[in-house]
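What follows is one structure encoded as structure tokens, with my remarks underneath.
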Amino acid sequence: MQHGKYRFIVGFLALPLGLYALFVVWPFIQSIYYSFTDWTGLSPEFKMVGFDNYRRMLHDDIFWKSLQHSLLFALVLPLVTISLALFFAFMINVGGRHRRGGPVVSGVRGSSFYKIVYFFPQVLSIAIVALLFAFAYNPDSGAINSLLRGIGLDSVQPLWLGDPDLALWCVMAVLVWSTVGFFVVLFSAGMASIPAEMYEAALLDGASRFTTFFRITLPLLWDTVQSGWVYMGILALGAESFAVVQIMTTGPGGPDYSTTVMVLYVYQKAFRDGQAAYATTIGVALLVVTLAFAAIVMRLGRRERLEY
């Protein structure tokens, strides 16, 4: 059984690892290399400039604004999204009242319908979601201000995406709405695998729903929550935030750079301003931020593994 084991393993891993190195690792290495050049992205000619791009980045006020916004996304979005998803998943699977003749532990009435409703935003492309909310946030004809006028709040007509103090929070709300359903389904699957006898024993001992969540559900679901936290943070730092900001905001990234995030700034420098080398420099910074975020979450979330 042991004869040829390693050749067998290497044979299966060689192709996927080769593809990963070619399409993931190699572009990262190229980006780091180009960050030390003056490449415009439009010409095959470039020369080495050392750390000039990094010095420029450290003195770039827009870069620091975009970094601040990206860090805010990475801190706030996972916290809000994971918290809401855990609450909804708990109510769908465990939070219902005991019904005569039914199981001791069950979800609220209509839990199957709620799963479909929560997951529905995942069916839509993020571009469509961003367009829909861009129309809804329109201060003149949008659904939100129209609703406020309809209930007599004519004096409360925010500019939403046109207000530098509100625009970033409006974008965050869209990202939460579009992603929370995925985590509801993910956590629901995890909760469904927890033996019902644990909940029944806790309820017989007089434990409340609040206690069962923090003493049973969360500890047994911790690995899934930790993975979801990292995944949501990567979404907040990457493609999801770029798509929403690019489509919804004025500029995009406005007003007055109030919604500019790092991934959008990379795109603008590379494809709008023809400064590909400087864009890769910001991309390297984004890579460092993403890796640091994942490492911190994994380190702070480390705990003894519970089995059942």
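The values are calculated or read from the model by the stated rules, or taken from the named source; none is laboratory data. If you're wondering where the values come from, they're calculated on a predicted model, not measured in any experiment. We place every Cβ from the backbone using ideal geometry, glycine too, and count neighbours over all the protein chains shown. Protein only, heavy atoms only, side chains kept; ligands, DNA and RNA dropped before computing areas. Shrake-Rupley method; radii C 1.70, N 1.55, O 1.52, S 1.80 Å.
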>> Is it the case, given these coordinates, that A21 is in contact with a Gly (Cβ under 9 Å, 6 or more places away or on another chain) and modelled with pLDDT under 95?
In response: no
>> Step by step: first the residues of the range 276-308, then only those that are loosely packed, with under 11 Cβ neighbours inside 10 Å and within 17 Å of P219 (Cβ to Cβ), then the one that is modelled with the highest pLDDT. Which residue is that?
In response: L300
>> Being in contact with a Gly (Cβ under 7 Å, 6 or more places away or on another chain), closer than 30 Å to R55 by Cβ, open to solvent by less than 60 Å² (accessible area, probe 1.4 Å) and assigned by the TED database to the domain that holds C170 narrows it down to one residue among A270, A236; which is it?
In response: A270
> List pairs: first in the range 56-76 and assigned by the TED database to the domain that holds T259, second open to solvent by 60 Å² or more (accessible area, probe 1.4 Å) and not in a helix (DSSP H, G or I), Cβ under 6 Å, 6+ apart or cross-chain?
Replying inline: I62/Y257; K65/Y257
> So which helices (runs of 4 or more DSSP H) are wholly in the range 111-218 and hold at least 3 residues that are open to solvent by 60 Å² or more (accessible area, probe 1.4 Å) and either at pLDDT below 90 or not charged (D, E, K, R) (or both)?
Replying inline: 111-123, 126-136, 143-150, 167-192, 196-204
> Does L17 satisfy the criteria of being open to solvent by 100 Å² or more (accessible area, probe 1.4 Å) and touching a residue at least 60 places away in the same chain (Cβ under 8 Å)?
Replying inline: no
>> For a quick check of your reading of the model, give me the residue pairs whose first member lies in the range 166-190 and is farther than 16 Å from G233 by Cα and assigned by the TED database to the domain that holds A134, whose second is among the basic types (K, R) and in a helix (DSSP H, G or I), with beta-carbon atoms closer than 8 Å and at least 6 apart or on different chains.
In response: V184/K115; V185/K115; S188/K115
> Can you tell me which of S241, S258 is in a helix (DSSP H, G or I) and of a type in the set (S, T, N, Q)?
Replying inline: S241
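With respect to L220, determine if the residue is more than 29 Å from P27 (Cα to Cα) and hydrophobic (A, V, I, L, M, F, W, C).
yes
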> Going by the structure shown, is F183 under 30 Å from M262 (Cα atoms) and within 28 Å of the chain's Cα centre (by Cα)?
Replying inline: yes
